[in-house]
1. Per residue, what volume in Å³ does the convex hull of the Cα atoms of segment 11-82 enclose?
2. Please give the solvent-accessible surface of Tyr153 in Å², to the nearest 10, using a probe radius of 1.4 Å with every protein chain present.
3. For labels at Ile152 and Glu101 in the simple 7 Å Cα→Cβ model, what's the distance in nm?
4. Under the rule of at least 5 residues apart or a separate chain, name every residue whose amide H is placed under 5 Å from the amide H of Cys109.
5. Rounded to the nearest 0.05, what FRET efficiency do Ser20 and Val91 have when you use their Cβ-Cβ distance and R0 = 45 Å?
6. Filter the cross-link list Lys27/Lys77; Lys41/Lys71; Lys28/Lys77; Lys36/Lys71 down to pairs whose alpha-carbon distance in this structure exceeds 31 Å.
7. Could you give me the ³J(HN,Hα) list for segment 90-106, computed from phi with Karplus coefficients 6.51, -1.76, 1.60 and θ = phi - 60°, whole Hz, x at Gly and Pro?
8. Output ³J(HN,Hα) for segment 65-73: one whole-Hz value per residue in order, computed from phi by the Karplus curve 6.51 cos²θ - 1.76 cosθ + 1.60 with θ = phi - 60°, and x for Gly and Pro.
Amino acid sequence: MTPPPSMPINYYEVLNCHPSDSIEEIKKSYQNLVLKHHPDKQNASGNQNIEQFYRIDEAWKMLRVPEQRKKYDAEMKQRKFDAEPIVHAKVYRQDFNFDSESQNFIYPCRCGSFFVLPDDCIESVNCDSSVINSSDDSKSNGCNENNDDDEIYIECDECSFVVQLLSNSTRSR
Ligand SMILES: [Zn+2]
């Protein structure tokens with residue numbers, strides 16, 4: 001996955017280290033890199049190296065101050081979040097309506113298409129609505145569900161919208 005163009009320079013990458021590295025480790029890496037890329041060490045050819053040197057210097061100046069590093073880390077984390085699919089709505093299983101044409105439980109999307117309830121969620125809809133009880137039930141106790149906390153995301157058929165499926169569980173958290 002290539003980062004979007006707005007992605008800032010990854011200072012950790014520049015310094016050849018990881019966000020989990022201690023400041024000593026980062027400093028060591030920085031010092032090694034600076035020695036390698038220092039303009040004084042370059043001959044006339046070193047244009048690219050000077051650029052790289054400045055980038056290394058900039059990265060170190062950012063990460064060596066704990067508050068700045070913290071802020072930078074938080075920003076990077078947030079950007080990662082932003083890259084996740086956008087949840088367009090949170091819906092309950094009973095919000096899905098049975099579509100007799102497609103034999104699916106569907107929920108309308110803004111784009112005019114639909115979110116289709118995955119097969120493995122349909123059973124619980126039947127159980128909860130308690131209306132569909134006509135067919136003979138071989139397993140009388142098939143309604144117990146133990147994955148209430150699972151986060152289920154359903155993508156629209158046509159566009160990139162995503163809904164988060166919430167369980168019917170009435171218990172509060
Ligand atoms: Zn859509």
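1. Details: hull volume 5.7 nm³, N = 72.
Here the figure is 79 Å³ per residue.
2. It works out to around 110 Å².
3. Here the modelled spin labels are 2.3 nm apart.
4. Close amide H contacts, sequence-distant or interchain: Phe114, Phe115.
5. On the way: r = 37 Å, r/R0 = 0.83.
My answer for the efficiency is 0.75.
6. Numbers: Lys27/Lys77 22 Å; Lys41/Lys71 33 Å; Lys28/Lys77 25 Å; Lys36/Lys71 29 Å.
Over 31 Å apart, Cα to Cα: Lys41/Lys71.
7. Values, residue by residue: 10, 10, 8, 4, 6, 6, 7, 9, 6, 9, 5, 5, 9, 6, 10, 8, 10 Hz.
8. 8, x, 5, 5, 5, 4, 5, 5, 4
The values are calculated or read from the model by the stated rules, or taken from the named source; none is laboratory data. Source: prediction; values computed, not measured. So basically every Cβ, Gly included, is an ideal-geometry build from the backbone, and we count neighbours across all protein chains shown. Accessible surface is based on the protein model in full, side chains and every heavy atom, while ligands, DNA and RNA are left aside. Shrake-Rupley method; radii C 1.70, N 1.55, O 1.52, S 1.80 Å.
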